[in-house]
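Here is the structure we will look at, set down as structure tokens.
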Amino acid sequence: MKKTGLIAVVCVAALSAAAQEKADIIASYDVKVRNWDADTVTTTRMSLLANTRQAKYFNDLSLWSDSLSSTPEGKKQLQQIIMAACMTETPEGVTFDMRKGPVKNVHTYVFTSQPDDKLTYYSKFGDSEAYYEEALDEMQWEIGDETSTVLGYECQSATADYHGRKWTAWFAPEIPVAFGPWKFHGLPGLILKAEADGTFCFEATGIEKSDRLMTPIYSPEKYQKTSRKKALADDEYFMNNREAIIQAKFGGSVKFENVDPDRPKYNALRDSLEPDYKDK
């Protein structure tokens, strides 16, 4: 949509906040992470629903999957969809390729609320689903003088030292929404791009007006409350000991194919968005 229309929508919606929070905009982002060992870049598409008060960051396929899975009927329907997409019958028998189906592999949800002065982060850490809360003042920005154009918007630079990395962000003052992808928030305009260390990059690929409801997390009972640093440490331990943990859980009966014995260990200083959990 035209820039002027998008800006007008946000400004008008800010004048009346309904009890049931609706978004003013939806933005899509490509999240790129460079693997320096393999010289490859993985890209994940994420979405952000936001108004002037709150934001919800998620993966569309995961949201659809979790929505269906939240009821017994929906869970059965999802299983049927995945089976139909992944199962192939051959003269030799039946094979399954889970890569063919709409299988959830992104577990992250971030809910950010200015009125509550906190963000709530839901994900899967290791083999357990959990959530933690964080005060908004943990992210402090210094606005710079540089400018850049992202999606046709003139953006201003800002930097922040946040949980072990120095981030450079580009925000659009024309869009008065103080949020962005992942946990980013607190600038006078929508954050369209953020990057750190030449390894991590979040960049907007589209913005539209939206009145979608920012629905809460599905099946909240399955998430256990934890702390941020414990969640990240648990995740690292699982990634570096995955095979042993799963074999112990199933009595050593599980065999793993195509496991590279020389694959590098997960290293927080290199691989984590928030390596400060390693601090003692």
| Could the peptides 191-197, 99-105 be put in order, highest first, of the mean number of other beta-carbon atoms found within 10 Å of their residues? | 191-197, 99-105
| said: Out of all Cα-Cα pairs in segment 27-86, roughly what percent, to the nearest whole number, are more than 16 Å apart? | reply: 63 percent
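Which value results when the Cα radius of gyration for segment 92-178 is divided by 2.2 N^0.38 Å?
Compared with the compact-globule rule of thumb, segment 92-178 sits at 1.60.
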| request: Mind telling me which of GLN79, GLN247, GLN54 comes out most flexible in a GNM of the chain, alpha-carbon contacts under 10 Å? | output: GLN247
| PRE reach from LYS249 (point 7 Å along Cα→Cβ): which of segment 105-128 fall under 13 Å by backbone N? | 124-128
| message | Rounded to two decimal places and with Rh computed the Kirkwood way over Cα pairs, what is Rg over Rh for segment 107-234? | response | 0.98
| message | Using only the alpha-carbon atoms, how far is helix 228-240 inclined from the longest principal axis of the chain? Give it as 0 to 90 degrees, nearest 10. | response | 40 degrees
| message | Among the listed pairs LYS100/LYS193; LYS124/LYS222; LYS56/LYS76; LYS124/LYS225; LYS118/LYS229; LYS32/LYS225, which have their C-alpha atoms separated by more than 20 angstrom in this model? | response | LYS100/LYS193; LYS56/LYS76; LYS32/LYS225
| request: For helix 72-86, report the angle its Cα long axis makes with the longest principal axis of the Cα atoms of the chain; keep it between 0 and 90° and round to the nearest 10°. | output: 70 degrees
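Under 20 °C and 1.002 mPa s, how fast does the chain diffuse according to Stokes-Einstein, given a Kirkwood radius computed over C-alpha pairs? Answer in µm²/s, whole number. Don't skip to the answer; put the middle values down first.
Numbers: Rh = 20.8 Å.
Calculated translational D: 103 µm²/s.
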| note | Going fewest to most other Cβ atoms within 10 Å around each Cβ, ASP276, ASP145 line up as ASP145, ASP276
| query | Once both axes come from the Cα atoms, what is the angle between helix 3-13 and the longest principal axis of the chain, in degrees from 0 to 90, rounded to 10? | reply | 90 degrees
| With charges set only on the Cβ (+1 for Lys and Arg, -1 for Asp and Glu), what does the dipole of the chain come to about its Cα centre, in debye to the nearest 20? | 560 debye
| note | Under the helix-only model (-39500 (n - 2.57) for each DSSP H run of 4 or more, divided by the residues of the chain), the mean residue ellipticity at 222 nm, to 500 deg cm²/dmol, is -6500 deg cm²/dmol
| message | Over the Cα atoms of segment 37-133, each weighted equally, I'd like the Debye log10 I(q)/I(0) at q = 0.11, 0.12 Å⁻¹, rounded to two decimals. | response | -0.49, -0.57
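All of the numbers you see were taken from the coordinates with simple rules; none came from a lab. These figures come from a predicted structure and were not determined experimentally. Ideal geometry is used to build each Cβ from the backbone, glycine not excepted, and the neighbour counts take in all protein chains shown.
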